[in-house]
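Undergrad: This is the structure I have questions about; it appears just below.
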Amino acid sequence: MTTQPPPIGEVRRSFVTVRGVRLHVTEAGPVDGGPVLALHGWPQHHWVYRDLLADPPPGLRIIAPDLPGYGWSGPPPHRWAKEDVASDLIALLDALGLDRVLLVGHDWGGYIGHLVTLRIPERIDGYLVMNMAHPWVQPKVLLRHVWPFLKYQPAVAIAGVPLQRHTRFLELAYKVGAPGLDPETVRVYAERFRDPVVARTARDTYRTFLFREIPAGARSGERRRSTVPTRVLFGRNDAAIHPSLASPETARADDYTLELVDGGHFIIDEHPDLVRAKLIALAVETAVAE
């Protein structure tokens, strides 16, 4: 089982405790550069941003925390309700003394990033989100594309700890979701989920989503409107999330665009140069990078 984070160039690593969780934070780039908070999803950790961390775009400071209970962060005191995780990340910004940031998010990190933009829009200059549904999806739209969720989410929610720790479940998931991903990259991700803390966190992520958050969303739905410039990059061959779940037509947002590109769900691993280019373009658009 992997006990140390994989090496990434000349990064800075630290632990920051907020709201009862010890977050592992990896940074690169000038400390006075434009801060970029980069959020990963499941089944991954901060290493998904290794290319940006190893070679930060000029003028940008890349900050990639392991989300609570994931990677090398400690377990959270909550059961991974997404609003709780958003609160953890807002507290992290406070602890790091960051008044304004660019935000990047993929998968669950992408969903939580949406919640952060709704909570503190005055502190988010722009948001680049990849391969994740937005929070305004209507139940009837979700039902049309629910089958891919049923292939893996109930299994993780119910039996996620033994599945991730003692089987090749994640390796098989990557084979379906990212058939071109090299085995060593898959190993770096999957091995971390053999840790019991990480495996329980993933289980709680989906257990809370399926049994609490989906029913709550069906009853009330997200009513807040985003005022943050949001740029969505989505692999059109995503086997887990249909692009229509990120549609601009259903987004309650003032400035929201969706770009479909060749690729699957793990777009950062598949096209790191494209993600880098989109981040630089957003930094220029929002005048974060000179």
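Undergrad: Compute the signed sum of charges (Lys and Arg +1, Asp and Glu -1) over the other residues within less than 14 Å, Cβ to Cβ, of Val101.
TA: Taking every Cβ under 14 Å from that of Val101, the sum is -2.
Undergrad: To continue, here is another question. First compute the accessible area of region 1-65 with a 1.4 Å probe, then give the percent of it belonging to carbon and sulfur atoms.
TA: 53
Undergrad: R0 = 35 Å: FRET efficiency of Ser244 with His166, Cβ-based, nearest 0.05? Kindly include the intermediate steps, with their values, before the conclusion.
TA: Values: r = 36 Å, r/R0 = 1.02.
Calculated value: 0.45.
Undergrad: Another question about this same structure. Please work out the average accessible area per residue across the chain, using the 1.4 Å probe convention, and give it in Å².
TA: Heavy-atom accessible area per residue stands at 41 Å².
Undergrad: What whole number of Å gives the distance from the Cα centroid of region 84-155 to the Cα centroid of region 19-42?
TA: 15
Undergrad: Whenever you get a sec, compute what percent of the accessible area on region 156-275 sits on carbon and sulfur atoms (1.4 Å probe). Please report the intermediate quantities before stating the final value.
TA: On the way: 3130 of 5650 Å².
For region 156-275, the apolar C and S fraction of the accessible surface comes to 55 percent.
Undergrad: Okay, next question. Relative to the compact-globule scaling 2.2 N^0.38 Å, provide the ratio for the alpha-carbon radius of gyration of region 67-150.
TA: 1.19
Undergrad: Enter the Cα centre distance for the pair region 169-206 and region 219-290, rounded to the nearest angstrom.
TA: That distance is 23 Å.
Undergrad: Determine the order of Asp125, Asp51, Asp262 by accessible area, beginning with the largest, at a probe radius of 1.4 Å.
TA: Per-residue accessible area, sorted high to low, gives Asp262, Asp51, Asp125.
Undergrad: In addition: Mind checking which aspartates and glutamates have their C-alpha under 18 Å from Lys140, skipping anything on the same chain fewer than 8 residues away?
TA: Glu213, Glu222, Glu249
Undergrad: Quick check on region 1-121: what are the equivalent-ellipsoid semi-axes from the Cα gyration tensor, as sqrt(5λ), descending, whole Å?
TA: Equivalent ellipsoid of region 1-121: 20, 17, 13 Å, largest first.
Undergrad: Once fully extended, how much extra length lies between Val146 and Val16, figured as 0.36 nm per residue of separation less the alpha-carbon to alpha-carbon distance?
TA: Working: separation 130, 0.36 × 130 = 46.80 nm, distance 3.69 nm.
Once the chain is fully extended between Val146 and Val16, it gains 43.1 nm.
Undergrad: Report the full-extension gain for the segment Asp94 to Ile214: residue separation times 0.36 nm, less the Cα-Cα distance, to one decimal in nm.
TA: Stretched out fully, the Asp94 to Ile214 stretch lengthens by 40.2 nm.
Undergrad: Going Cα to Cα from Lys175, which lysines come in below 22 Å? Please leave out same-chain ones fewer than 8 positions away.
TA: Cα-Cα hits under 22 Å: Lys151.
The values are calculated or read from the model by the stated rules, or taken from the named source; none is laboratory data. Remember, it's a predicted structure, so these values are computed and weren't measured experimentally. Cβ atoms come from the backbone with ideal geometry, glycine included; neighbour counts cover every protein chain shown. The protein model used for the area step is the full one, side chains on, heavy atoms only, and it has no ligands, DNA or RNA in it. Shrake-Rupley method; radii C 1.70, N 1.55, O 1.52, S 1.80 Å.
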